[in-house]
Amino acid sequence: STGQEAVPKDEYGNELVGLDEKNRKITVGNDAFYTWISEIYTHLDKYEGYQISITGFIFKDPETMQSNEFSPARLMMSCCVADLMPVGFICQYDAAPDLEDNIWVTVTGTVVKGEYMGEPEPQIAVTEISPADEVEGYIYP
């Protein structure tokens, strides 16, 4: 053994920084936010049951989310500032109505298979929420 472990990569060859397969944990770093969103959406069955930790701002959309749901989101820019949109996993959390919109938090929980408009989607069953510093900048797909 050379002491160098192979770093897992997603289907595009990006390193999956923050993956601990042995302990079934994912720590989503600020620079890997979009990589992990894409990876888990693409391979939900592989990551279901993993513990995940992710940082974003509290985003709630009463038109598409239940009262016990929110997303730790980041703003994604696909073209220009005018098209900024929040991106993140839906979180199931009984105290979601008490969370203040737009505050920055780190969410820890378990990746579960939820459903959105009849389609399976990754969601997070929250076990812990802690305050976090704001992450400057946007994410790009």
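The values are calculated or read from the model by the stated rules, or taken from the named source; none is laboratory data. All values derive from a computational prediction rather than experimental measurement. Backbone-built Cβ (ideal geometry, glycine too); neighbour counts: all protein chains shown. Just the protein is used for accessible areas: all its heavy atoms, side chains included, with ligands, DNA and RNA removed. Shrake-Rupley method; radii C 1.70, N 1.55, O 1.52, S 1.80 Å.
Is it the case that Val126 is surrounded by 15 or more Cβ atoms within 10 Å (Cβ to Cβ) and either closer than 17 Å to Ser67 by Cα or in contact with a helix residue (DSSP H, G or I) (Cβ under 6 Å, 6 or more places away or on another chain) (or both)?
Spelling it out, Val126 is indeed surrounded by 15 or more Cβ atoms within 10 Å (Cβ to Cβ) and either closer than 17 Å to Ser67 by Cα or in contact with a helix residue (DSSP H, G or I) (Cβ under 6 Å, 6 or more places away or on another chain) (or both).
If you go through segment 23-65 one residue at a time, how many are open to solvent by 20 Å² or more (accessible area, probe 1.4 Å), of a type outside the set (D, E, K, R) and part of a loop (DSSP other than H, G, I, E, B)?
7
Among the candidates Thr35, Thr55, single out the residue that is touching a residue at least 60 places away in the same chain (Cβ under 8 Å), of a type in the set (Ser, Thr, Tyr) and under 16 Å from Gly137 (Cβ atoms). Show your work before the answer.
On the way: Thr35 fails: touching a residue at least 60 places away in the same chain (Cβ under 8 Å).
None of the other options fit; the residue is Thr55.
Considering each residue of segment 130-141, count those that are at pLDDT 95 or above and either surrounded by fewer than 12 Cβ atoms within 10 Å (Cβ to Cβ) or out of contact with any Gly (no Cβ under 9 Å at 6 or more places or on another chain) (or both), and give that number.
Qualifying residue count, segment 130-141: 4.
Restricting attention to segment 90-129, report how many residues are among the aromatic types (Phe, Trp, Tyr) and out of contact with any Gly (no Cβ under 9 Å at 6 or more places or on another chain).
Of the residues in segment 90-129, the ones among the aromatic types (Phe, Trp, Tyr) are 93, 104, 116.
Those still in the list that are out of contact with any Gly (no Cβ under 9 Å at 6 or more places or on another chain) too: 116.
Qualifying residue count for the region: 1.
Could you grab the pairs with beta carbons closer than 9 Å, sequence gap of 6+ or different chains, first residue in segment 72-87 and charged (D, E, K, R), second one assigned to a loop (DSSP other than H, G, I, E, B)?
Arg74/Gly88; Arg74/Val135; Arg74/Gly137; Arg74/Tyr138; Asp83/Met77
I want to confirm something. Restricting to segment 67-115 and keeping residues that are open to solvent by 80 Å² or more (accessible area, probe 1.4 Å) and part of a strand (DSSP E or B), which single residue is modelled with the highest pLDDT?
The selected residue is Lys113.
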